[in-house]
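To start, the structure itself, in C-alpha cells.
Throughout, read-outs are computed from the coordinates displayed, never taken from laboratory work. Here the structure is a predicted model, which is why all the values come from computation and not from measurement. Positions of Cβ are backbone-derived with ideal geometry, glycine not excepted, and every protein chain shown enters the neighbour counts.
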Amino acid sequence: MDEQLESYITAHSDAEPDYLQRINRATHLRLINPRMLSGHLQGRFLSMLCRILQPKRILELGCYSGYSALCMAEALPEDGELHSIEIDDELEDFIRENLASVSFGKKVKLHIGDALEVIKKLEPSFDLAFIDADKRQYSEYYELILPKLRPGGIILADNTLWDGKVAVPAADKDQQTKSLQNFNEFVAKDERVEKIILPLRDGLTIIRKK
C-alpha cells in the first residue's frame, strides 16, 4: 500500500487514541525497531475485531511495547483477560509503564519468557490468539495454540506476507521467509480451520477453528 492511500484510509477511520499516540511516540524514541509496533491502522482493526467477536480470553505472542495488547484490551469486558508473552526481559519495565497508563491495562497479564514454554502452562480455552513473535517458530506456536482455542475461536497471524518475500523463492539463508512460507502452506492445507490472508500492512492471516 502506498503512503498516500494509507494516509487516506487512516484519515477516514477512527483516530488513534491519545494514549496510543503517546505509546507510539515513546516506542519510536526509546526502542530500536519501532517498525515492530502494530500502528494506527492495524491497531484500530484489532480493536474493532475484538468488539465484533467479544472475546473474554485473549492470548498474544509478542507484546513488544504493549500497543497491540492495549488495542485488544480496550474491547474486553470487565472480567476479560489478555495473556501477553514477551521474550525480551529488557522491555518489561517499558511495557508495564504503558499498561499502567490506562485503566484497562490491568486486564493484560504479562508473561516474560519463551512463548513455546509459557503457552504450555496456560489453561484453555482462549477465544482469540494474536501471533506476532519469532517468525521462525510460527508453525510451532500454531500447533500449541490450536488445542487451547475454543471451537469457533480465531487466530490472527501477523506479517504473513513479509514484504512480499513469501511469494518468491527464499534465499538459502533466509530462515524467516522460509518459515513463514512453510507456515502459510501448512495453514492453507489444514482442514481443522478456515483461513484467509488480508493484505493489511505486512499481511494478516485470519484463521477460524472449526
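Can you give the % of DSSP beta bridges in the chain that are antiparallel, to the nearest 5? Antiparallel bridges: around 35 percent, rounded to the nearest 5. Ordering LEU149, LEU161, SER65 by the projection of their Cα atoms onto the charge dipole of the chain, which places +1 on the Cβ of Lys and Arg and -1 on the Cβ of Asp and Glu, puts LEU149 at the extreme positive end. Among 192-200, 73-81, the peptide with the highest mean count of other Cβ atoms within 10 Å heads the list, and the full ranking is 73-81, 192-200.
Here is what passes the span test in the chain: the DSSP H helices with alpha carbon length of 15 Å or more along the helix axis and a Kyte-Doolittle mean of 0.5 or above are 39-53. Computed about the Cα centre, the dipole magnitude for segment 129-207 is approximately 100 debye when only Lys and Arg (+1) and Asp and Glu (-1) carry charge, each at its Cβ. Maximal additional length on extending the ASP18-ASP190 stretch stands at 57.9 nm, based on 0.36 nm per residue less the C-alpha distance. Here LYS165 is the anchor, and the lysines within straight C-alpha reach of less than 21 Å, apart from those fewer than 8 places off in the same chain, are LYS135, LYS173, LYS178, LYS189, LYS195. Put simply, the amide H of LEU82, placed in the peptide plane, has neighbours under 5 Å in ILE58, VAL108, LYS109, leaving out anything fewer than 5 places away on its chain. Distant-in-sequence amide contacts of LEU149, defined by a placed amide H-H separation under 5 Å and a gap of 5 or more residues or a different chain, comprise PHE126.
Let me know the charge dipole size of the chain about its Cα centre in debye, to the nearest 20, where only the beta-carbon of Lys, Arg (+1) and Asp, Glu (-1) is charged. It would help to have the intermediate numbers written out before the result.
Numbers: 28 positive and 35 negative charges, 117 e Å.
With only Lys, Arg, Asp and Glu charged at Cβ, the dipole is about 560 debye.
Backbone amide hydrogens, once placed in the peptide plane, bring LYS195 within less than 5 Å of ARG208, excluding anything fewer than 5 places away on its chain.
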